[in-house]
Amino acid sequence: MGIGDRGSGIGDRGSGIGFRNMDFEHSERVKKYLDQIQSFMDAHILPNESVYAQQVDSAPSRWTVPPVMEELKVKARKAGLWNLFLPESEHGPGLTNLEYAPLCELMGKSPIAPEAFNCSFPDTGNMEVLVRYGTSEQKKQWLAPLLEGTIRSAFAMTEPDVASSDATNIQSSIVRDGDHFVVNGRKWWTSGIGDPRCTLLIFMGKTDPQNPDRHKQQSMILIPRDAPGITLVRMLDVFGYDDAPHGHGELLFENVRVPASNLLLGEGRGFEIAQGRLGPGRIHHCMRQVGVAERALELMCLRARSRVAFGKPLSENDVTQERIAQARIEIDRARLLVLHAAWTMDTSGNKAARQAIAEIKVAVPEMTTRVLDWAIQLFGAAGVSQVFPLAYLAATARTMRILDGPDEVHRRQIAQLELHKWRV
């Protein structure tokens, strides 16, 4: 059997898209943005991480926006580092996914950086939904202030009573009543709901539960956060972290009336919108996670150089060198997978890139959690404390193996797509 014929990932049949004619060299404008973002990170973001945490902890309520964040947003916008995530859009510089990848990675090195550049989730995904599927009136009411960074939003999809990894399981209802829809259901892990600036919810529920096509039962609708009938049941911690003032909440929707004009795209189009939203969202998460791993490796190297045990620096220990070397290998390998996925999205479309996106959604968080674990081990007790960012970054990285679909779902999709190439 020839190496290019089957199963190698080099030929047409092995990879589906293939790895031909790819060029990952940074364009001149990407190089310029990288320099600008790195300078901004060094001058404003990294020095203010502790200020941000202190302001959250010392506020009368943890669910208060730290003043330093609004200051950072003003500076980033003035510097032209704003809304970089939207490809082929008049609302930003129009970077491709491949061009945005290294910029998003760099922002991912700090938990507070994405919001400062107005490139944080779930707002990025919600803005992409509005750009692609929103009416002119919906864009005017919701997209414009999101692009300005004056409001924030949340995405209400996951439910506590069903396995939401299968979106067709969703039980929440959206029922037509004249010129309105009436919404009922319970959602949780609604990220961003704790933020007092959260003004908009994108809600997924069933408008046609009896439709024989399970993928046409769902719809999405825009719900104002202050609509009567919405109850915040509780905020949810992630490995003990509340992620204030962003947060993740459980919400109860009881007979929430929403104008029919708030429906997105049309009845039965919810699953279609979800697929369009989650693809870019997944690759953005992976881009940021590569940045997290890079920061962990930087901290490992600095610690190994400066820490002495048993009469010599930790950097001279074989196990330390082995882990640093392996971390570098795994980060570079994961980055190439992310760039390939971004390139495929740009050249062949999001649907054609679904296998590449599924691959990075499995590979990148696994890599990041591994590198963070090595870094924590090197730091010892300090690594699991609040003194260094490693514990929080590790908790966040671990959730990425569940967020936007668990590993098992993505592996299943990869296997099915791979087997489909060999059908007889």
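The values are calculated or read from the model by the stated rules, or taken from the named source; none is laboratory data. Model, not experiment: these values are computed from the prediction. Heads up, the Cβs are rebuilt from the backbone with ideal geometry, glycines too, and the neighbour counts pull from every protein chain shown.
Summary of computed values
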read-out	value
Yes/no for K140 being of a type outside the set (S, T, N, Q) and under 22 Å from K73 (Cα atoms)	yes
Residue ID - surrounded by the fewest Cβ atoms within 10 Å (Cβ to Cβ), chosen from residues in region 164-207 that are more than 30 Å from P67 (Cβ to Cβ) and among the small types (G, A, S)	G178
Set Q377, Q326, Q386: member being more than 24 Å from T168 (Cα to Cα), outside any helix (DSSP H, G or I) and among the polar types (S, T, N, Q)	Q386
Residues being in contact (Cβ under 8 Å) with a residue 60 or more places away in the chain, in a strand (DSSP E or B) and surrounded by fewer than 16 Cβ atoms within 10 Å (Cβ to Cβ) - total across region 221-260	6
Pick from region 48-66, criterion more than 13 Å from D195 (Cα to Cα) and not polar (S, T, N, Q), ranking: surrounded by the most Cβ atoms within 10 Å (Cβ to Cβ)	Y52
Every residue from region 144-195 that is touching a Pro at 6+ places or on another chain (Cβ under 7 Å) and outside any strand (DSSP E or B)	I151, S165, D179, G192, G194, D195
Criterion: in the same structural domain as M127 (by TED's automatic domain parsing) and either outside any helix (DSSP H, G or I) or in contact (Cβ under 8 Å) with a residue 24 or more places away in the chain (or both) - qualifying residue of E70, E90	E90
When residues of region 378-398 are limited to those that are surrounded by 15 or more Cβ atoms within 10 Å (Cβ to Cβ) and not aliphatic (A, V, I, L, M), the one nearest to R288 (Cα to Cα)	T396
Condition check for V364: touching an Asp or Glu at 6+ places or on another chain (Cβ under 7 Å), modelled with pLDDT of 95 or more, surrounded by 21 or more Cβ atoms within 10 Å (Cβ to Cβ) and not assigned by TED's automatic domain parsing to the domain that holds G108	no
Scan of region 108-136 for residues that are surrounded by fewer than 19 Cβ atoms within 10 Å (Cβ to Cβ), in contact with a helix residue (DSSP H, G or I) (Cβ under 7 Å, 6 or more places away or on another chain) and either over 21 Å from M204 (Cβ atoms) or not assigned by TED's automatic domain parsing to the domain that holds S39 (or both), ordered by number	none
All positions within region 139-152 that are crowded, with 19+ Cβ neighbours inside 10 Å and touching a Ser or Thr at 6+ places or on another chain (Cβ under 9 Å)	W142, L146, R152
Selection from region 208-220 of residues that are surrounded by fewer than 24 Cβ atoms within 10 Å (Cβ to Cβ) and either in contact with a Lys or Arg (Cβ under 6 Å, 6 or more places away or on another chain) or among the aliphatic types (A, V, I, L, M) (or both)	Q217
L314 being in contact with a Leu (Cβ under 8 Å, 6 or more places away or on another chain) and crowded, with 23+ Cβ neighbours inside 10 Å	no
Scan of region 78-112 for residues that are out of contact with any Asp or Glu (no Cβ under 9 Å at 6 or more places or on another chain) and farther than 23 Å from A341 by Cα, ordered by number	K78, A79, G80, L81, W82, E90, H91
